[in-house]
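Below: the structure, in structure tokens.
Values in this text are rule-based calculations from the coordinates and carry no lab data. This is a predicted model, so every value here is computed, not measured. Glycine gets a Cβ as well: all are built from the backbone with ideal geometry, and neighbour counts include every protein chain shown.
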Amino acid sequence: MPIKKASVKDVRKTKTRTAYNTEHTAKTKLAMDMARKSGFAPEKVVDAVKQLDKLAQKGIVHKNTAARRKSRLMKKANAAAKASQTASS
């Protein structure tokens, strides 16, 4: 248990920040899962990209991490679109 007043406050701040970060990270993970499960539907992919951009902007994840995840998502989405286009032709 913290003894100093500043340490007590720091524990409170950490708890609040952790809850905030966890909530936003969970939203992003859900958006990524929805994009995958929908077969990379364009509107779901756009939503996932928006969520990743928000995470990076708020400082929850590093901007390079968000860029890497977006890149991998778009790579899979483009491959899925190309496969469906080939199958329909």
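Tabulated results
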{"item": "Restraint check, Lys4/Lys58; Lys29/Lys54; Lys5/Lys27; Lys13/Lys50, Cα-Cα greater than 22 Å", "result": "Lys4/Lys58; Lys5/Lys27; Lys13/Lys50"}
{"item": "From phi via Karplus (6.51, -1.76, 1.60), per-residue ³J(HN,Hα) for region 53-70 in Hz, x at Gly/Pro", "result": "4, 5, 4, 5, 5, 7, x, 6, 10, 5, 4, 5, 5, 5, 5, 5, 5, 5"}
{"item": "Of Thr65, Thr25, Thr16, the one that fluctuates the most in a GNM where the chain has Cα springs shorter than 10 Å", "result": "Thr16"}
{"item": "Net charge dipole size for the chain [Lys, Arg +1 and Asp, Glu -1 on Cβ; Debye, nearest 20]", "result": "460 debye"}
{"item": "Relative exposure of Leu52, Leu30, Leu73, judged by other C-beta atoms within 10 Å (fewest first)", "result": "Leu30, Leu73, Leu52"}
{"item": "Inter-label distance, nm, simple model (7 Å from Cα along the C-beta direction), Lys76/Ala41", "result": "1.7 nm"}
{"item": "Scattering profile of the chain at q = 0.14, 0.16, 0.24 Å⁻¹ [log10 I(q)/I(0), Debye over alpha-carbon scatterers]", "result": "-0.59, -0.69, -1.10"}
